[in-house]
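Reading through the structure tokens given below for one structure.
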Amino acid sequence: MDLKLHQLECLVAVADHGSVRTAGTKLGRSGTAVSNALRELEQSMNVVLIERRSDGVSLTAAGTALLAHARLILGQLRRASEDVVLAGARQGGTVRMAITPWLVHGVLPAAVREFRRTRADVRLDIAEHLGGDYTAVRNGHLDFAFGPRPDAGQERLLDIRPMYSYSLAVVCRPGHPAAGATSLDELSGYDWLLSRSLERTPQAIRRLLEGQSDHEAQRCHFARSVNASLAVVRSTDMLTAVPWPTIETPDMRDRFVVLDFDEVQDDSTTCLVTRRYEPLQGAASTFLETFLRVAREAAASEDGLTRRIFCMVEAADAEVVSS
């Protein structure tokens, strides 16, 4: 089997655009050249990769499996080229990452400050990470991410390193009618604004919400940002659940009331997620080393506020999970 880069480029372009002709236009090649490249690829692998229809093309199961590797291979080559050009020009490039909110508030500012002291030439591109979808890590759009365990089916192309475990805190605004509640049952009838899916929400909260089925009023809503959910909760009678260390950060702890219920016992895990078979290089590796060092120092800090954040978490098994 002899895979060629131009064949992989054609496969990715067809997958992205759903049309051989459009893929050719984007690649600066003729539709015939793209078709021939895909046909040669199928013959070399003795498998059907695309299905041709009147309205375009779609990938078969085999094509979808190869697509993930094709994106990774092409991404590696692109980053290798960028690294060489940047090294020649003495420029630092970009480190792209996504980070779970409690680490954004608890570690990221100090890590950025430390990193910028020695690598001011590097651009940082930081996103908030929620949920278990790591497509952007798998396809090379992100260098790494800190977040929950990946959803099932993504592990094959990822290295997963558990870092911390923590529980969730139910929070409301100061002066909320339920601010003195001592059990979840007392929260029946209130609206919730969650930053994670119901499947990733503690079972006790899930049971409460599922028991409040009401065709006339929706009780469960979602915001794909912890900061957004907290901003809304602070100005309404809605409730939310966030990682305990998030609410212990200086920016948050005096702005909300924590309803500490024994029923909310489910632990969550923050993992470091990177691409399998592709060790971090250059500035990305340096930033990650800085981030982890700052996190270790914060956990042992003499500063009471900083130490409180890490009192809310337990260091998890730091072995890389490969499956």
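The values are calculated or read from the model by the stated rules, or taken from the named source; none is laboratory data. None of the values given here were measured: they were computed from a predicted structure. So basically every Cβ, Gly included, is an ideal-geometry build from the backbone, and we count neighbours across all protein chains shown. We work out accessible area using only protein heavy atoms, side chains counted, and drop any ligands, DNA or RNA first. Shrake-Rupley method; radii C 1.70, N 1.55, O 1.52, S 1.80 Å.
Which ones in region 145-158 are at pLDDT 85 or above and either out of contact with any helix residue (DSSP H, G or I) (no Cβ under 6 Å at 6 or more places or on another chain) or assigned to a loop (DSSP other than H, G, I, E, B) (or both)?
Gly147, Pro148, Arg149, Pro150, Asp151, Leu158
Could you tell me which residue of region 72-102 is modelled with the lowest pLDDT, considering only residues that are open to solvent by less than 70 Å² (accessible area, probe 1.4 Å) and either charged (D, E, K, R) or touching a His at 6+ places or on another chain (Cβ under 9 Å) (or both)?
Arg79
Being at pLDDT below 85 and open to solvent by 40 Å² or more (accessible area, probe 1.4 Å) narrows it down to one residue among Arg234, Arg224, Arg253; which is it?
Going through Arg234, Arg224, Arg253 in turn, just one is at pLDDT below 85 and open to solvent by 40 Å² or more (accessible area, probe 1.4 Å): Arg253.
In region 196-210, what residues are in contact (Cβ under 8 Å) with a residue 24 or more places away in the chain, open to solvent by less than 60 Å² (accessible area, probe 1.4 Å) and within 21 Å of Asp133 (Cα to Cα)?
Of region 196-210, the ones in contact (Cβ under 8 Å) with a residue 24 or more places away in the chain are 196-197, 200-205, 208.
Next, only the ones that are open to solvent by less than 60 Å² (accessible area, probe 1.4 Å) stay: 196-197, 201-202, 204-205, 208.
Hits for region 196-210 are Arg196, Ser197, Thr201, Pro202.
Which condition number does Leu193 fail, the rest of (1) part of a helix (DSSP H, G or I); (2) open to solvent by less than 20 Å² (accessible area, probe 1.4 Å) being met?
Single failed check for Leu193: (1).
Taking Tyr134 as meeting all but one of (1) open to solvent by less than 60 Å² (accessible area, probe 1.4 Å); (2) closer than 28 Å to Pro250 by Cα; (3) hydroxyl-bearing (Ser, Thr, Tyr), write down the number of the exception.
For Tyr134, the exception is condition (2).
If we only count helices (runs of 4 or more DSSP H) wholly inside region 1-61, which ones have 1 or more residues that are farther than 18 Å from Leu77 by Cβ and of a type in the set (Asp, Glu)?
The helices (runs of 4 or more DSSP H) meeting that bar are 31-45.
Could you check region 257-275 and list, in sequence order, the residues that are part of a loop (DSSP other than H, G, I, E, B), open to solvent by 20 Å² or more (accessible area, probe 1.4 Å) and in contact (Cβ under 8 Å) with a residue 24 or more places away in the chain?
Let us first name the residues in region 257-275 that are part of a loop (DSSP other than H, G, I, E, B), namely 260-266.
Restricting the remaining residues to those that are open to solvent by 20 Å² or more (accessible area, probe 1.4 Å) gives 260, 262-263, 265-266.
Passing the criteria: Asp260, Glu263, Gln265, Asp266.
Between a first residue in region 117-130 that is closer than 29 Å to Pro150 by Cβ and a second residue that is open to solvent by 70 Å² or more (accessible area, probe 1.4 Å) and modelled with pLDDT of 90 or more, which pairs have beta carbons less than 6 Å apart while being 6 or more apart in sequence or on different chains?
Note: pairs meeting the criteria are Asp125/Arg96.
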